[in-house]
Ligand SMILES: Cc1cc2nc3c(=O)[nH]c(=O)nc-3n(C[C@H](O)[C@H](O)[C@H](O)COP(=O)(O)O)c2cc1C
């Protein structure tokens with residue numbers, strides 16, 4: 001039986017390598033040469049912004065905004081940095097990250113490790129303007145849930161001029177002390193001060209809510225209703241799950257790991273993420289943009305997310321598994337599918353918009 005060791009180190013090493021590449025003068029040029037493919041069909045306007053591609057990097061991979069240039073050179077159209085916490089935060093619990101290869105999944109257990117808002121601002125101040133940068137914000141673990149709203153505002157205010165959009169992460173369920181507000185009043189207590197601050201600004205920054213796939217369907221409807229009847233601009237669905245489903249091939253590994261409380265991401269959550277996106281899309285009657293995230297690892301997965309109702313998509317686990325090569329293949333594959341769908345639509349004008357069609361090419 002394979003010895004199970006945390007993959008933390010390998011993944012950190014990959015991050016350092018990317019950070020290093022993005023700092024050397026030729027680094028981004030090399031990444032672009034290796035991974036960037038023309039994909040004009042992926043350009044999209046959403047939230048009043050022009051996205052060079054609707055395929056972005058999910059939160060958790062560039063927590064401190066040190067790899068924005070490298071992500072642009074790799075081919076992402078947007079990057080969600082964070083989660084960012086107000087104060088610097090290092091995991092109090094021993095953090096661990098496991099690759100469950102047989103199920104194309106990641107299991108991670110740690111508190112959010114953030115350099116804190118001040119440092120992140122220094123990192124992103126002069127960011128590359130060819131990529132959209134979202135700031136994913138979360139409270140410090142030490143902040144009591146009843147004071148959460150103060151933390152979110154402490155992040156929102158100073159970051160406002162540097163972020164293109166914000167994601168309010170209310171799915172911080174990776175460490176033992178879970179914090180997943182589910183109740184409308186609790187969520188509005190966080191969002192209302194952000195809406196009020198934004199009202200006084202000259203520039204508009206879209207605010208999205210990132211939700212857990214572990215919410216019940218009724219709770220997802222509550223989130224959708226918040227989007228429908230408040231100034232919330234969209235939803236990111238979903239974060240990782242605390243459930244342990246979809247792990248058919250990792251039973252032995254899971255047994256060796258024992259009871260790890262963290263979040264599971266990748267292939268196992270694909271079905272649930274699609275369900276959640278479809279549910280929000282149907283309830284909102286397609287009137288709001290949704291960022292679909294969860295288990296996307298191929299061009300067909302992206303097409304399925306679009307078909308479920310997502311406007312933009314994010315890749316997380318697959319980037320850890322396949323790096324820039326995966327991003328390149330997914331971009332090329334989606335571009336080709338959209339091109340063909342457009343061609344078909346032109347031949348039969350009665351068909352729907354190609355971005356909402358399932359494609360089985
Ligand atoms: C190692 C790791 C760290 C993550 N950190 C964060 C985070 O800080 N904030 C957040 O909102 N989501 C975080 N996520 C969740 C991802 O953004 C994404 O929602 C989730 O992984 C599902 O997408 P995937 O199946 O493509 O990985 C993290 C995921 C992983 C695997």
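Residue 286 meets the conditions (1) closer than 18 Å to residue 206 by Cα; (2) modelled with pLDDT of 95 or more in every case but one. The failed one is (2). Which is outside any helix (DSSP H, G or I) and either within 13 Å of the ligand (Cβ to nearest atom) or without any contact (Cβ under 8 Å) to a residue 40 or more places away in the chain (or both), of 320, 269, 291? Being outside any helix (DSSP H, G or I) and either within 13 Å of the ligand (Cβ to nearest atom) or without any contact (Cβ under 8 Å) to a residue 40 or more places away in the chain (or both) holds for just one of 320, 269, 291, which is 291.
Can you say whether residue 97 is modelled with pLDDT under 90, more than 30 Å from residue 41 (Cα to Cα) and within 16 Å of the ligand (Cβ to nearest atom), as far as the supplied structure shows? Criteria met by residue 97. Residue count for segment 192-232 satisfying the condition of being surrounded by fewer than 20 Cβ atoms within 10 Å (Cβ to Cβ) and in contact with a strand residue (DSSP E or B) (Cβ under 8 Å, 6 or more places away or on another chain): 4.
The single residue among 276, 334, 313 that is outside any helix (DSSP H, G or I), at pLDDT 95 or above and buried (at least 18 other Cβ atoms within 10 Å of the Cβ) turns out to be 313.
Residues in segment 62-94 that are out of contact with any strand residue (DSSP E or B) (no Cβ under 8 Å at 6 or more places or on another chain) and either within 14 Å of the ligand (Cβ to nearest atom) or more than 24 Å from residue 333 (Cβ to Cβ) (or both): 66, 69, 86, 87, 90, 91, 92, 94.
The values are calculated or read from the model by the stated rules, or taken from the named source; none is laboratory data. These numbers were taken from a predicted model, which means no experiment stands behind them. Glycine also receives a Cβ, built like all others from the backbone with ideal geometry; neighbour counts cover every protein chain displayed.
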